[in-house]
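A.B. asks: The structure under discussion is supplied below as structure tokens; questions concerning it will follow.
The values are calculated or read from the model by the stated rules, or taken from the named source; none is laboratory data. Note that the structure is a prediction, hence the values are computed from the model and not measured. Methodologically, a virtual Cβ is constructed for each residue, glycine included, from the backbone with ideal geometry; neighbour enumeration extends over all protein chains shown.
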Amino acid sequence: MMTTSKCQVTLPRRLREAVGIKPRQEVETFVIEHGGRSLIAIAPASNRSQGAAMASRWVGCMQGQGTTNEILLAARGHE
């Protein structure tokens, strides 16, 4: 993803649908630091506790799997 001049990002449809985000809906973000990496989780604001729980499950899941760029490229099918 690329940020705009205002540092905004557009969430791809597959991500919005995966977490149930609708147009013009308030969302909650969570940043978790782990092992020198940051994970940003996004959830509808109505599910704040669910979003925090979801984010915490991801901590450490990609440890030792390569750099952030390598992981993203693999996730996008560009190994």
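A.B. asks: Is at least one residue of the stretch 22-39 outside any strand (DSSP E or B) and modelled with pLDDT under 65?
C.D. replies: Checked the stretch 22-39: no residue is outside any strand (DSSP E or B) and modelled with pLDDT under 65.
A.B. asks: Next question. T10 - would you say it is assigned to a loop (DSSP other than H, G, I, E, B) and either surrounded by fewer than 10 Cβ atoms within 10 Å (Cβ to Cβ) or not polar (S, T, N, Q) (or both)?
C.D. replies: For T10, the condition - assigned to a loop (DSSP other than H, G, I, E, B) and either surrounded by fewer than 10 Cβ atoms within 10 Å (Cβ to Cβ) or not polar (S, T, N, Q) (or both) - is not met.
A.B. asks: So C61 clears everything in (1) at pLDDT 65 or above; (2) assigned to a loop (DSSP other than H, G, I, E, B); (3) not small (G, A, S) except one condition, right? Which one?
C.D. replies: Among (1) at pLDDT 65 or above; (2) assigned to a loop (DSSP other than H, G, I, E, B); (3) not small (G, A, S), C61 violates only (1).
A.B. asks: Counting only residues that are closer than 19 Å to M1 by Cβ and of a type outside the set (G, A, S), which one in the stretch 13-24 is surrounded by the fewest Cβ atoms within 10 Å (Cβ to Cβ)?
C.D. replies: P23
A.B. asks: Only one of (1) assigned to a loop (DSSP other than H, G, I, E, B); (2) of a type outside the set (V, I, T); (3) surrounded by 10 or more Cβ atoms within 10 Å (Cβ to Cβ); (4) modelled with pLDDT under 65 fails for H78. Which number is that?
C.D. replies: Going through the list (1) assigned to a loop (DSSP other than H, G, I, E, B); (2) of a type outside the set (V, I, T); (3) surrounded by 10 or more Cβ atoms within 10 Å (Cβ to Cβ); (4) modelled with pLDDT under 65, H78 breaks only (3).
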